[in-house]
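The values are calculated or read from the model by the stated rules, or taken from the named source; none is laboratory data. It should be emphasised that the depicted structure is a prediction, and the values quoted were computed from it without experimental measurement. Counting neighbours? That spans all protein chains shown, and the Cβs are built from the backbone with ideal geometry, glycine included. Accessible surface is based on the protein model in full, side chains and every heavy atom, while ligands, DNA and RNA are left aside. Shrake-Rupley method; radii C 1.70, N 1.55, O 1.52, S 1.80 Å.
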Amino acid sequence: SRRRKEMFKALIKNNKFVFNKLFSLKEHNKQEVVTAFSGLLELSRRNKVQTSQDEIFGDIVVERKANKA
């Protein structure tokens, strides 16, 4: 999906991104954000990314996991 590609671009460029900033509700409709979040959960489930959130409703930091050789 286009949203997943946006996440991959951000990860390739920086190795990490803040989900709430990349997919803010100011710039995307709710359905787009839900779709992107669903993609994020899938990446996390596949062990491709690590996510962290310091507080409830806080920013979600997404980091690319290093490929294991």
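For the chain, what is the Kirkwood estimate of the hydrodynamic radius, computed as the reciprocal of the mean inverse distance between distinct Cα atoms, to one decimal in Å?
12.3 Å
Place a +1 charge on the Cβ of each Lys and Arg in the chain and a -1 charge on the Cβ of each Asp and Glu, then give the dipole magnitude about the Cα centre in debye, rounded to the nearest 20.
Value, rounded to 20: 460 debye.
Output the 0 to 90 degree angle, nearest 10, between the alpha-carbon long axis of helix 2-14 and the longest principal axis computed from the alpha carbons of the chain.
The helix 2-14 is inclined about 50 degrees to the chain.
Under the 0.36 nm per residue contour assumption, what length would be gained going from the current alpha-carbon distance of Val18 and Glu63 to full extension?
That works out to 15.3 nm of additional length.
Rounded to a whole number, what % of the accessible area of the chain do carbon and sulfur atoms account for, probe 1.4 Å?
That share works out to 51 percent.
Could you give the angle, 0 to 90 degrees to the nearest 10, between helix 30-45's Cα long axis and the longest principal axis of the Cα atoms of the chain?
Its long axis makes an angle of about 20 degrees.
Taking a 1.4 Å probe, which of Phe8, Phe57 shows the most accessible area, and what order do the others take after it?
Of Phe8, Phe57, the descending order of accessible area is Phe57, Phe8.
How do Arg2, Arg46, Arg64 rank by accessible surface area computed with a 1.4 Å probe, from largest to smallest?
Ranked from most to least accessible, the order is Arg2, Arg46, Arg64.
Within the chain, how many Lys pairs that are eight or more residues apart, or on different chains, come under 16 Å at the alpha-carbon?
Pairs that pass both the separation and distance tests number 15.
Skip the ligands, DNA and RNA, and give the accessible area per residue of the chain with a 1.4 Å probe, whole Å².
79 Å²
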